[in-house]
Amino acid sequence: MNAPDRFELFILPDGVKKISYVPDPNVDKAATFTIEKEDHTIGNLIRYQLLKENQVTFAGYKMPHPLEHHVTVKVQTVKETAPETMMAKALNDLIGLTGHLRQKFVEELAKAKAASISGDTLLIPEHDSLHHPHHPQQTMPPTLSAPSNVGGGAVANLQQHVDMDF
Amino acid sequence: MNNINGGSFSLGLNNNFNNSDPFNGGPKPDIIIQELDSEKIKFILTNTELSVANALRRLMIAEVPTIAIDMVEIELNTSVLADEFIAHRLGLIPLDSMEAEKIKYTRECNCSQYCPNCSVELTLHAKCVQDGQSLEVCSRDLQSSDPRVSPVLKDDNDKGILIAKLRKGQELKVKCVAKKGVAKEHAKWSPCAAVAFEYDPHNRLRHTHYWIEEDEKKEWPPGPNANQEPPMTDDEPFDYNATPNKFYFTVE
């Protein structure tokens, strides 16, 4: 009844910053970043990336409360740099990393598909193909403009027991 | 940007890091696909960290958008099952989501409630007329308004997932609205059944502690990925600085 909406988990409300930071009042070159509407997926990823940097002396993250959908990342760096600089670098590196992984995966997928066509196992459908490989409509020509094809088998199947009064 | 009261943080496009090497000159992460079929993939992710592997796993489970029935209008239900029970069962039916990228999220669409740009309508109408034999209403009986999105079926003979059973005279007529969503909101939008990854099959890093009755080697035979890495020798020193960098994924 008064349950919070589940989309609060990942929809950033209007006017809220995705990421903000507060410098530590007591420690120099230390700051706490708050990332809204994210969880351990990104929190742990950023923490690891920050810890790879020699100039980062501390990096840790937490989800303060399971019902509050944000993570906080604490960062401390050496005095030659600043936490926000290292955070920006970590995020940029992660974007580079994910781009690289995506590209690698697409390449590998193409290779695996090619191999499986010459062999005899397999297959994930082409991304832009119209139908699931095991879908009954698979044998039909992939035309979008044929509404009569909709669920071809299903129509016949259903007519056995629909539209009949007793 | 660096004021003492804190403030906003932006990832500037013209900062100094755009050309930085995310891999610090080390080996670049790699993916090798080992097995691939229509419902399963096995791959090895190398030269990266545990956090990346885990983030990938969490993303596949919870943040890849798919299409699932989200609203059900029950026009007629004289079956023995309650309306909300049937609505829940309909929601869990896997729909072909290859085109999910081309469908908008309803919340991002301009329409007032839902429209063909952000939803797919599926209808179901079944009535049992046979004496002494119940009619099985299955996911194949759902008729989609969009040929790109329909219930996933194995082959032409597959009737799909059983939704309800009707006895003579019972009728079920529903209109379902399928929408795009992510599994963070509801698990029905999860694109995969199971995602598992393993690393360090020989427990070289001592990240796990085996329960042993008498003989470790007898009680813990090598796992399916054990042949990918050299087995431990008995006098191998423990490298406490080692980190996992080879992850064996299985996604169904």
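The Cys residues in chain B with no partner Cys Cβ within less than 4.7 Å of their Cβ are B:Cys128, B:Cys138, B:Cys176, B:Cys192.
Chain B against chain A buries an accessible area of about 6400 Å², both chains summed, 1.4 Å probe radius.
Bridging of B:Lys179 to lysines at a Cα separation below 22 Å is possible for A:Lys37, B:Lys102, B:Lys104, B:Lys188, once same-chain residues fewer than 8 apart are set aside. Remark on chain B: Rg and Dmax equal 25.5, 80 Å (Cα only). Using only the Cα atoms of the stretch B:141-239, build the gyration tensor, take square roots of its eigenvalues as a ≥ b ≥ c, and label the shape rounded, prolate or oblate: rounded if a/c is under 1.5, else prolate if a/b is larger than b/c, else oblate. Prolate. Each listed q (0.11, 0.14, 0.18, 0.23 Å⁻¹) maps to a log10 I(q)/I(0) for the stretch B:66-189, found by the Debye formula over equal Cα scatterers with no solvent: -0.38, -0.59, -0.93, -1.36.
Rounded to 0.05, the FRET efficiency of the A:His40 and B:Gln133 pair, given R0 = 60 Å and the Cβ-Cβ distance, is 0.70.
What the Cβ-Cβ distance of A:Thr72 and B:Arg167 gives, at R0 = 56 Å and to the nearest 0.05, is a FRET efficiency of 0.45.
Per residue, chain B exposes 56 Å² of accessible surface when a 1.4 Å probe is rolled over the protein heavy atoms with every protein chain present. Legend: residue pairs A:Lys113/B:Lys42; A:Lys89/B:Lys28; B:Lys42/B:Lys159; B:Lys40/B:Lys218; A:Lys52/B:Lys246; A:Lys104/B:Lys180, Cα-Cα distance threshold 22 Å; pairs beyond threshold, B:Lys42/B:Lys159; B:Lys40/B:Lys218; A:Lys104/B:Lys180.
Partner lysines whose Cα lies under 19 Å from the Cα of B:Lys165, excluding those fewer than 8 positions away in the same chain, are identified as B:Lys127, B:Lys173, B:Lys175.
The spacing between the stretch A:1-67 and the stretch B:118-191, judged by their C-alpha centroids, is 41 Å.
Ranked from largest to smallest solvent-accessible area, with a 1.4 Å probe on the protein heavy atoms, B:Trp189, B:Trp211, B:Trp220 come out as B:Trp211, B:Trp220, B:Trp189. Surface composition of chain B: carbon and sulfur atoms hold 49% of the protein heavy-atom accessible area at a 1.4 Å probe. For the pair B:Gln228 and B:Ala82 in one chain, pulling the backbone fully straight at 0.36 nm per residue adds 47.4 nm over the alpha carbon distance.
The values are calculated or read from the model by the stated rules, or taken from the named source; none is laboratory data. Since the structure is predicted, the reported quantities are computational estimates derived from the model, not experimental observations. Using ideal geometry, Cβ is built from the backbone for each residue, glycine included, and neighbour counts are taken over all protein chains shown. Surface accessibility is based on the protein's heavy atoms, side chains included, excluding ligands, DNA and RNA. Shrake-Rupley method; radii C 1.70, N 1.55, O 1.52, S 1.80 Å.
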